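FYI, it's all coordinate maths here, none of it is from the lab. Because the structure is a prediction, the values reported are computed rather than measured. Cβ placement follows ideal geometry from the backbone for every residue including glycine, while neighbour counts extend to all protein chains displayed.
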Amino acid sequence: MAVNEFQVESNISPKQLNNQSVSLVIPRLTRDKIHNSMYYKVNLSNESLRGNTMVELLKVMIGAFGTIKGQNGHLHMMVLGGIEFKCILMKLIEIRPNFQQLNFLLNVKNENGFDSKYIIALLLVYARLQYYYLNGNNKNDDDENDLIKLFKVQLYKYSQHYFKLKSFPLQVDCFAHSYNEELCIIHIDELVDWLATQDHIWGIPLGKCQWNKIYNSDEESSSSESESNGDSEDDNDTSSES
Amino acid sequence: MSFRHFKRRLDTSSADESSSADEEHPDQNVSLTEKSASLSHSDLGGEILNGTGKNRTPNDGQESNESDGSPESDESPESEESSDNSDSSDSDDMRPLPRPLFMKKKANNLQKATKIDQPWNAQDDARVLQTKKENMIKNIDKANQVAKNYETMKLRLNTNYSTNEELIKQCLLLDDNDEVDSEKERQKWFERQNERKQKHRRIQLAKQRESEEYEAKRFEAMQKGKDGNTKYDVILDKEKEKLDHKKQRSAEKVEKSHNNNRYKITRTKNVEFGDLGKNSRDYEETEYSVI
């Protein structure tokens, strides 16, 4: 019965997390709209990517979301929350990068003027969307603990930054509205706060999550404060290096 | 009338005589001035002296007229001599003074003016020119930059394959450059951080208030439970009232039975019991008639 149920629905990734397909994190209607959009068919299908791995997708991500420091900010064309963003997010969910890849992308050092702020925003949204189910109580699973630690550190790190991003308003779904919404400039700390407190973003529902409570953990325990201090020092080092 | 006419003729004749007498004195003075001029070796001095000589003659004429008019004629030549001496002294004093003063002052003023004005003017002009050039260069650079941006934006807008042009225009109008006014962004970040902290604090206070209300209601419920135990007596009172009510009702029933004639035994009025007999007129045989 289950096999037949999967066969009826197309565009379901064979990879699994949390005892289900990774594609089910995004609801059916949104998933169908994403798969039927022209950008996904032209740029993100397996034939156009010439593969189905992170190496091929990274080229598309850098080409779409990469920016250069000091360049005129008007000329960047990609917007968070738009159709292109959702298509790339869907492909990222289907590919499901592993821990090493996530760690590399979230901690990348921007050299030669390259700025990966949009890619970082994409990955934070992906982590919140895909790995909402992680629970720190399971002490036997080291992979989960590593992921939780990575995501907590990154959320706190980027809540202390304030670089600017072009975006749809965070409560707006670009598919649902027939008229054009006004774009706006948001800051990365606003995005992190939204991911930590709200249950939906750009029309995509976010699951109940336990590792995104960065404010409670900071205020309740002093050990987390010391960790946060260490994180801030690391941030200073990275900023000085960059 | 005739006397007046005679006086005028006499005045004119006396004037001529006085003029001839005076001519001798200015001649001597002129010779002296000529000598001094030759010593000074300057033509201008000579001209000045000539001017002074001319000035003397009309003064002498006036004095002569006055002397003729007055009866006392001896005093007038003394006054003439004194006036001549004063004039000569003035001319001697004035000779050296004006020349060097005028020339030096003018020369110095002109030189100072040139010295002061020229470098200031030159410096100011140079500075103004430099600033103008710099402003021109800046304006040219800005104009070039704007033109380049406009061209690139237009190119991207035209070559983009998307049909949502308004979205692309909005995207191009926004600027996400982080290097622009980073201090202001930092201040705004601090403000946002404070707002988030206050929001979180409000949420925690609300949770605490809710828990306190829950505990208060629970305590009240416990109190009500105790009060309920005490209220059991009241229930007993109610039961007593009910028993009394029942007794009253039973009494009423007894009274009613005496007045009711419904259930009394009476004689039979109709012996045939309706239409059940076979001899009746409306009797009809049916399938149930056998029963």
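If we count every other residue with Cβ under 12 angstrom of A:CYS87's Cβ, Lys/Arg +1 and Asp/Glu -1, where does the sum land?
For residues surrounding A:CYS87, the net value is +3.
Where does the charge balance sit around B:ALA216 when Lys and Arg score +1, Asp and Glu -1, over other residues with C-beta under 14 Å from its C-beta?
My count for the surroundings of B:ALA216 gives -1.
When the dipole is taken about the Cα centre of region B:120-173, and only Lys, Arg (+1) and Asp, Glu (-1) are charged at their Cβ, what size is it in debye, to the nearest 20?
Value, rounded to 20: 60 debye.
Using each residue's phi in region A:205-213, evaluate 6.51 cos²θ - 1.76 cosθ + 1.60 at θ = phi - 60° and report the 3J(HN,Hα) Karplus result to the nearest Hz, with x for Gly and Pro.
x, 10, x, 5, 9, 10, 9, 9, 8
So who's got an amide H within less than 5 Å of the one on A:LEU80, skipping anything under 5 residues away but keeping other chains? H placed 1.01 Å off N, in plane.
Excluding prolines and chain starts, which carry no amide H, the hits are A:LYS166, A:SER167, A:PHE168.
What residues qualify as long-range amide H neighbours of A:PHE114, i.e. H under 5 Å apart, gap of 5 or more or another chain, H built at 1.01 Å from N?
HN-HN under 5 Å from A:PHE114: A:LYS69.
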